[in-house]
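Laboratory data are not the source of any read-out in this text; all were calculated from the coordinates shown. On a predicted model such as this, the values are computed, not experimentally measured, just so you know. Counting neighbours? That spans all protein chains shown, and the Cβs are built from the backbone with ideal geometry, glycine included.
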Amino acid sequence: MNSSSGIHLDSPRRPRRAKRTATLKTVDKALNAVDFLAVFGGKVGVRELAEYLSIDKSSMHRLLTTLEQHGYVAQDPITGKYQLGTRVFEVGAVLLNQINLRAAAHAHLERLARETGEGVHLAVESADQCAYVDKIEGEKALRSSSQLGWRQPLHCTALGKVLLAYLPDHRIDHLLRTEELKPLTPYTITDPDRLAAQLSEIRRTGIALDHQEIEVGLCCVAAPIFGTGGQVVGAVSIAGPVQRFGPERLPQLSQLVRRTAEAISRDLIKNHQDSPRDIPQGSR
């Protein structure tokens with residue numbers, strides 16, 4: 001026990017002492033720092049955390065500064081001590097929403113597939129990629145390579161662009177600056193400025209389009225699904241051949257996919273509010 005702080009350094013789970021590769025040690029210590037703050041439930045000084053993780057204070061300070069920049073810890077400007085940041089709650093809220101996302105969405109996806117006859121997809125953002133978590137094929141659906149668990153870059157699908165558009169600004173800026181926007185077809189947007197303008201338009205309209213950007217001959221229209229805290233937890237899309245996504249039909253498809261996304265959002269929020277969890281409610 002540290003006499004000055006009253007903190008029992010042995011009370012939370014201590015980090016494992018098993019040998020690790022050098023590339024994982026910093027990540028391991030960062031996660032253990034977050035874990036300690038979660039268990040302790042209060043504000044902790046750099047020295048206490050450094051003792052707990054068995055590293056020097058300067059290294060601990062750099063680690064905390066990095067975590068603070070990403071919102072996972074926050075420093076009290078008066079005492080200089082650290083506690084969990086709001087990003088931890090945001091991530092947890094997203095996880096709670098995604099647990100029930102597929103269950104809440106499936107019936108709506110089936111209805112959308114019947115109404116349009118096209119392929120319908122549900123996706124979430126995962127590690128800066130678009131991950132497909134459900135798929136329904138309408139009676140006229142175009143055969144495509146998409147399948148459950150499929151992962152694609154965010155910049156080249158309607159689903160991915162929706163998910164990218166609603167990420168925090170700092171993540172969007174980072175991805176546009178550092179990620180190579182690889183062309184999957186001659187139609188893929190590879191210019192960061194052009195993509196940034198399109199993301200702004202997606203946030204304005206709530207609709208994203210993919211015109212043969214991932215597969216020649218395939219078009220998609222997508223809309224965001226919102227969770228309890230007003231954050232986007234997924235996206236739903238309609239996909240089909242370019243011949244059936246012309247200007248005469250696209251407004252109808254956009255309206256249908258937006259209506260479906262809104263219905264899924266309502267069910268997610270209702271299910272959350274009806275659950276016994278005591279979690280602060282938010283709204284879009």
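Neighbour counting of Cβ atoms within 10 Å sorts the residues K182, K135, fewest neighbours leading, into K182, K135. Exposure proxy ranking for I269, I189, based on other Cβ atoms within 10 angstrom of each Cβ and starting from the fewest, stands as I189, I269. Please tell me which of these pairs span more than 29 angstrom C-alpha to C-alpha: K29/K81; K43/K161; K135/K182; K29/K135? Beyond 29 Å between Cα atoms: K43/K161; K29/K135.
Net length available on complete extension from L176 to R194 is 5.4 nm, with 0.36 nm assigned per residue and the Cα-Cα distance removed. Shape analysis of the stretch 95-274 places it in the oblate category; the axes a ≥ b ≥ c from the Cα gyration tensor give an a/c of at least 1.5, with a/b not above b/c.
For the stretch 95-274, the relative contact order works out to 23 percent when only alpha carbon pairs closer than 8 Å and six or more residues apart are counted.
Could you work out the per residue convex hull volume over the alpha carbons of the stretch 22-84, in cubic angstrom? Kindly include the intermediate steps, with their values, before the conclusion.
Values: hull volume 4.7 nm³, N = 63.
It comes to 75 Å³ per residue, whole-number rounded.
Using the Cβ-Cβ distance between F89 and K57 with R0 set to 30 Å, the FRET efficiency from 1/(1 + (r/R0)^6) comes to roughly 0.60.
The stretch 27-56 and the stretch 102-122 have Cα centres separated by 45 Å.
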